[in-house]
Amino acid sequence: MSLINKTDWSLAMLLVASLGFVGLIQTIEVQAATDSTGATTEKKNTNSTADHSKFKELDVNFKTGPEVTKACISCHTEAAKQLHATKHWKWDYINPDTKQRLGKHNVVNNYCTSVPSNYKFCSACHIGYGWEDNKFDFTAEEKVDCLVCHDTTGKYKKLPGLAGHPNYKTMEWPPHSGKFRPPTDLKQVAQNIGKTSRATCGACHFRGGGGDAVKHGDLDSSLTNPKKHLDVHMDAQGLNFTCSNCHTSDNHEVAGSRYQPTANDTKGHLIPGSQDKRNTATCVACHGNAPHKDDLSKMNEHTGKLACQVCHIPAYARGNKHTKMSWDWSTAGKMDEQGKPVKVRGSDGKVKYDSKKGGFTHDRYVIPEYQWFNGEVKWTLPDDTFDPNEVVKINDFLGSPDDGKSRVWPTKVFRGKQMYDKVNNKLVITSLSDDKESALWKNFDYDKAVKFGMDYVGKEFSGEVGFVKTEMSWPITHMVAPKEDAIDCGQCHKENGRLASVEGLYIPGANNTPLLDKLGLGVAFLTLMGVLIHGAIRYFMFKRGG
Amino acid sequence: MSTERIYIFKRFERFWHWSQALLIMFMMLTGFEVHGLYSLFGFQLATEYHTIAAWTLVSLWVFAIFWHFTTGEWKQYIPTMQKVDAMLKFYLTGIFTDAPHPFKQTTVRKHNPLQRLAYLFVLAMINPLIWISGWFYLFYSSWEDWGLAGFLSLEWVAFFHVVAAFMMLIFFIAHIYLATAGHTVSSHIKAMITGWEDIED
């Protein structure tokens, strides 16, 4: 950038000097190169006033997680009550604007589809202990899992199938791998408690959808210790942001939720001390609405239409890990010659077929799909009907160029083909993992699995399972590139550029006025021909006469 | 046939003409790239150059307008239909047969009637169109503050800007050629450089 600025500047000076007066030129700031060598590795947080390893309450050979929690809340008396009120705990959330009942427990997605009847697996990412069926006690304080977010040792892991507990006994993990995890040293973990980190948040959020990088596309374990090019803020050698730098929390409720997103933050900088209960996890909250200093190329004028992420996240899955792009449940259940379930890997090394789950595709360094988004999401919930001949938008991002509150957002659109009730035209709850008799992953019988799931939540089911095409949109907002790597203007300002399919945008340079161009160039050409012919005749007459 | 020399174009006028010529050529070059007709500097640089050149031209115009009014030279653009037919006839036939130029330049009438009409068209039609649309283009982010957001669309602003740019291109081609259509092929061009024009007596 600084090179370009210098070129601009010298050109400006040249023009101005040659004309002998100064034009009204906007100030250009030539920025000093940032020193990227200032090596600071991620240090253990030592600025706390409490050293938990000195607490006698924690000098205990804990047998289970809830025992640790009891010790925690003997001092942090309000902590569990705070957590009980959060989405992380309830997985149940009513969007105040749309009144739709959302949250992990209520929505059906197009990855592993649904939580109920699959608690033992799903609750490996619940901030609690023991959510194994629909009788979980949400008022029990000792069932809050403090460690999963506050561990600093990296040795605490909640494993799928254990209903939110870490392993207390030696356990083979991953299953059938021949590797064994020793029992979790709860005392060591508890004594080394600290602030949340990229690793603790990532333990669940990097692994959404059932594995590293699967779900979001812009969140995966490459962000645990990222280089600057991957994430300019989280750069472990540089700014070293953790998730909570932006996703601040208030009474343990963390800011920034996909269930009530902020698509267009018009409030400018967040002033420290402000009592405004706004979402802190937006670009604008720190950078304001006119963040570009050298703005001869009018970048600030884009902020009304485009989310910052459009230019500053040139691609997702930039950490070299493959993210899942599509999932076809309809092909699940095929066995090998011995009648055993199989996993087939593609040339990218990723599983492209799994008897339990069907077919997948994966990709990395993916250019997002761009769409207008005003922050309102219309979910197709299990009680909503749809037309199965059309692609069901499970979470439809609403927005338009004209509503005055939308901006264009980069999104990962995840495409699925998944179970639905063929007669009632509704999404279904499917038993995948827990129940021995019905679970799809044990018996490979869709009719049984869906019937069990629907009975489990007390919903009507016709008995006929079909497969419907579905789409989910995921806002791309992490993996922000350094400004040098933001997409350059020409990626959109050209014919068939990145935003070509987004309606309602006038993009100079994108061949907007083909008729006018033909007409204008045509008349210019005729004028040129006219004067050339006129000139030729003059020359000819002059020669003859002369 | 004798000739006399008259001083037609003053120093500022010549400076204004040529610096404006350079700027307009540069703005056409960068502007049509911004519009997407070709790729030369790359979109970002083309935009930045176009903006810098625009502000420079604005500054030049401030001086030029001041000059025109303080010197009374603006009267040179008052249109007349007198001898327009003679001029047309000259360009269509006389010029080929070395007929005498029907217009005699003086310092108070430096432009022939066709020139007057053409320059007036540039001043009263192309320039306002290009400046007003360009101004809105440049201050896109202020539309809301100006209360114009509901009335303007970038698409139409750009459309009129491009229309005006094509008109300017066409004028430019004709203008360069007609610069050779004076009393001699080079007399107009010489005058624009030195200020002095040879006049046939």
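Limited to the stretch B:42-52, what total is found for residues that are within 17 Å of B:I130 (Cβ to Cβ) and facing chain A (nearest Cβ under 7 Å)? The total comes to 4. Return the residues of the stretch A:306-321 that are assigned to a loop (DSSP other than H, G, I, E, B) and out of contact with any Pro (no Cβ under 8 Å at 6 or more places or on another chain); say none if nothing qualifies. Within the stretch A:306-321, A:P314, A:A317, A:R318, A:N320, A:K321 qualify.
Scanning the stretch A:499-546 for residues that are over 57 Å from the mean Cα position of the chain (by Cα), modelled with pLDDT of 90 or more and more than 9 Å from chain B (Cβ to nearest Cβ) yields A:M529, A:I533, A:A536.
Kindly check whether there is at least one residue in the stretch A:384-392 that is more than 28 Å from the chain's Cα centre (by Cα), without any contact (Cβ under 8 Å) to a residue 60 or more places away in the chain and either assigned by TED's automatic domain parsing to the domain that holds A:V115 or surrounded by 23 or more Cβ atoms within 10 Å (Cβ to Cβ) (or both). No. Selection of helices (runs of 4 or more DSSP H) fully inside the stretch B:117-201 by the criterion of at least 1 residues being more than 14 Å from chain A (Cβ to nearest Cβ) and under 20 Å from the mean Cα position of the chain (by Cα) returns B:127-138, B:187-194. The numbered conditions (1) buried (at least 19 other Cβ atoms within 10 Å of the Cβ); (2) part of a loop (DSSP other than H, G, I, E, B); (3) at pLDDT 95 or above are all true for A:P261 except (3). When the criteria are applied in full, B:A64 meets the requirement of being within 14 Å of chain A (Cβ to nearest Cβ) and assigned to a helix (DSSP H, G or I). Of the set (1) assigned to a helix (DSSP H, G or I); (2) within 8 Å of chain A (Cβ to nearest Cβ), all apply to B:S39 but (1). When the stretch B:24-36 is filtered for residues that are within 10 Å of another protein chain (Cβ to nearest Cβ) and surrounded by fewer than 20 Cβ atoms within 10 Å (Cβ to Cβ), only B:F26 remains. Residues in the stretch A:80-94: is at least one in contact (Cβ under 8 Å) with a residue 24 or more places away in the chain, more than 30 Å from A:K357 (Cα to Cα), in the same structural domain as A:G194 (by TED's automatic domain parsing) and in a loop (DSSP other than H, G, I, E, B)? Within the stretch A:80-94, one or more residues are in contact (Cβ under 8 Å) with a residue 24 or more places away in the chain, more than 30 Å from A:K357 (Cα to Cα), in the same structural domain as A:G194 (by TED's automatic domain parsing) and in a loop (DSSP other than H, G, I, E, B). Among the conditions (1) out of contact with any helix residue (DSSP H, G or I) (no Cβ under 6 Å at 6 or more places or on another chain); (2) within 29 Å of A:C283 (Cβ to Cβ); (3) of a type in the set (D, E, K, R); (4) part of a loop (DSSP other than H, G, I, E, B), the only one that A:K324 does not satisfy is (4).
The residue list B:K110, B:K89 contains one member that is surrounded by 15 or more Cβ atoms within 10 Å (Cβ to Cβ) and of a type in the set (K, R), which is B:K110. Only one of the listed residues (A:A536, A:A449, A:A486, A:A500) is aliphatic (A, V, I, L, M) and more than 30 Å from A:K412 (Cα to Cα). That residue is A:A536.
The values are calculated or read from the model by the stated rules, or taken from the named source; none is laboratory data. Being a predicted model, the structure only gives us computed values, none of them experimental. So basically every Cβ, Gly included, is an ideal-geometry build from the backbone, and we count neighbours across all protein chains shown.
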